[in-house]
Structure formats: structure tokens, C-alpha cells
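J.: Would you mind keeping the following structure in view while I ask a few things?
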Amino acid sequence: MSKPGDYDAVRKDIVAQLKKPDYDDGSTGPVFVRLAWHSAGTYDQETDTGGSNGAGMRYDQEGGDPANAGLEHARAFLEPVKERHPWITYSDLWTLAGVVAVKELGGPDVNWKPGRTDFVDDSKLPPRGRLPDGAQGADHIRHVFYRMGFNDQEIVALSGAHNLGRTHKDRSGFNGPWVNNPTRFSNQYFKLLIKLEWKLTTLDNGVKQFIYVDEDLPEDERDEPLMMLPTDMALVSDPGFEPWVRKYADDKDLFFDHFSKAYAKLLELGIRRDEKGNITNTDNKLGGYIS
Ligand code: DDH
């Protein structure tokens, strides 16, 4: 066991969990980035409910939200890290895993602060349905992200996380990766959104998504088709979002800088700290553990 507070030791063990040749594209990084995002993305500014504090996804009310399907894999991959550093809270571990994965996969440094608790206040539990639905459009995206306190620029920056990983038919119903190298953090997602000709298609499970197939290549030389969700496509058709897609496609450094700030903000939603950085919302302790 490491010394309580030795976050560098935890970071090292998260890195050691990233490479998994038999899992997806060989890395758990993308699903860690998504775990951190879904742990935090339930936040509602108005009622001050949801957010990463409390690690509510351990329990069925939140963990069983269909939007969280597949994240049990991410949590299981992190279990050995928790076992080696039992002093770290799940809420800190999951958010830190996202930050470590972004960096290790070639992305920017993201400022991360510890101190989240695993106490769950029943009155702060988010209802299901707060996370975005990929089948929808711009209004839905704004509804979800404005609720957390993000603006249009931050929404587009955060969406750039879809440079990583893939959709899975048995999790969300969608299928395939957004980019050709889904374990390398870059601004390729924005470039492809603009550059490629995306075609709407209906999968055999009835789910609608956009795909790109390189028809110039003979069939046996083609890569797996790339995909975009209807929500991804809304970023290029909406006049408030589209200018940011172009900026991030043109300027990787700007994207990295804006992503880093927005992802750090996401992981802090609902958390209040004093000047020293210590968490002050003790109300999270009121509800105790849910068993
Ligand atoms: Fe996402 N995302 N996401 N996403 N997301 C999926 C996968 C991944 C939406 C829907 C889906 C963000 C925003 C949105 C990642 C990070 C982030 C999947 C596929 C769906 C569906 C799940 C599956 O089948 O396994 C929608 C809708 C939105 C929206 O903004 C409207 C944001 C903000 C992030 C972030 O991290 C900041 C990552 C990474 C993945 C790949 C996961 C994996 O297992 O691989």
C-alpha cells in the first residue's frame, strides 16, 4: 500500500492498467475518459445535484442508467488500483483515471485536484436520463450542457473527446470508431467532421448513425468504417457550434488548451473548495453510504 496522498503512485498504477492488448483497440484509456466524464456529467447547476463527488455509479440507480452501459469495464479495470491504494476514494480515482488517460494517449495535461468523498447524499443523487443521447440534435446538447454550466465553445471542446475510443453495439447500440487511430488524442475528429462525406445509415438494430466508407479503395483494403453520432453531426450544422469545430480542426494547440480547461471544469462540477483546495461541501456526508 502506498502512503495516503501519494497520487503519483496512483497515477503510475493507472498508467499500468492502460495497455490491454485484448480489449477494444488495445487501450482502456478511452473508456477511462468516458467513465470520468459520466461520473461528473450528471451535474445540475440549479439544484446542485449530481457530479463526480460520491461516485454514485457504484449503485444501481446511477450505474444502471442505460447511458452508463459498458462503464462497468472501466470500473473493473481500476479495481486493482483501488486495491493497491485503498485510501483513495472512487470519485477521485475515476476522475484521475480520465486525466491520466488523456495525457498518456497524447493529449494535454489537465489540472486535477483530489479530495472528493465517496459519501452519497441521497438527496443529491441525480435522476437517470441526465447524460446526453447521441440520437438527438443541437437543442438537446445545449439543454444537457447548459444545465452543467457550459457554453457553446466548451461543448465543442469537450466533444473532441470523441477522438478517442469507439461506440459498441452491445452498449449504446451505435457501432464503430470516430477516427482511424482511436487511441491517440488529437484534433482529427474535428478535421474529419468537416472533410469527409458522412452518410446516414440505419444499422440492423434500427439505430441511425452516420458512416464514412472509403469507396476509392478496393473492399478488402478498406479499414473499418468510421462513424459519427447524430449529435456529432449537429456540431457542424449548428451556427453556434460550427465555428468552433473549424477553429479546433485548424489549430490543435487551441483545441488542447480549451479541452484541458473544459475537462478540468467538468471534473470539478458541484465541488466547492477553500483557498487551500480542500473540499468544503460537507453536506455530501449527510446521507452516508447507500447499501
Ligand atoms: Fe461520448 N459517447 N458522448 N463523450 N464518449 C460514447 C463514447 C465515448 C455522447 C455519446 C457517446 C462526450 C460527449 C458525448 C467519450 C467521451 C465523451 C458513446 C459510445 C456514445 C453513444 C458508448 C459505447 O457504445 O461504448 C454524446 C451524445 C455526447 C454529447 O456531447 C452530446 C464528452 C463530453 C466526452 C468527454 O470525455 C469529455 C469517449 C472517450 C468515448 C469512447 C468510450 C470507449 O469505450 O471507447
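J.: Any residue in region 83-92 that is buried (at least 22 other Cβ atoms within 10 Å of the Cβ), within 15 Å of A9 (Cα to Cα), away from the ligand (no atom under 11 Å from the Cβ) and modelled with pLDDT of 95 or more?
T.: Yes, the conditions are met somewhere in region 83-92.
J.: In region 25-39, how many are more than 9 Å from the ligand (Cβ to nearest atom) and either in contact with a helix residue (DSSP H, G or I) (Cβ under 6 Å, 6 or more places away or on another chain) or in a helix (DSSP H, G or I) (or both)?
T.: Going through region 25-39 one residue at a time, the tally reaches 1.
J.: Quick test for you: out of F210, F256, pick the one residue that is under 30 Å from S52 (Cα atoms) and crowded, with 17+ Cβ neighbours inside 10 Å.
T.: Being under 30 Å from S52 (Cα atoms) and crowded, with 17+ Cβ neighbours inside 10 Å holds for just one of F210, F256, which is F256.
J.: Mind checking which residues of region 5-24 are buried (at least 17 other Cβ atoms within 10 Å of the Cβ) and either in a loop (DSSP other than H, G, I, E, B) or in contact with a strand residue (DSSP E or B) (Cβ under 8 Å, 6 or more places away or on another chain) (or both)?
T.: Q17, L18, D24
J.: Would you mind stating whether R75 is within 13 Å of the ligand (Cβ to nearest atom), within 26 Å of K252 (Cβ to Cβ) and basic (K, R)?
T.: It is false that R75 is within 13 Å of the ligand (Cβ to nearest atom), within 26 Å of K252 (Cβ to Cβ) and basic (K, R).
J.: Looking at T231, T280, T202, can you tell me which residue is under 30 Å from T49 (Cβ atoms) and either assigned by TED's automatic domain parsing to the domain that holds Y43 or free of Cβ contacts under 8 Å to residues at least 40 places away in the same chain (or both)?
T.: Criteria check complete, one pass: T280.
J.: If M233 meets every condition in (1) more than 15 Å from the ligand (Cβ to nearest atom); (2) in contact with a strand residue (DSSP E or B) (Cβ under 6 Å, 6 or more places away or on another chain); (3) of a type outside the set (V, I, T) apart from one, which number is that one?
T.: Unmet condition: (1).
The values are calculated or read from the model by the stated rules, or taken from the named source; none is laboratory data. Fair warning: this is a prediction, and the values are worked out from it, not measured in the lab. All Cβ positions, glycine included, derive from the backbone under ideal geometry; neighbour counts span all protein chains shown.
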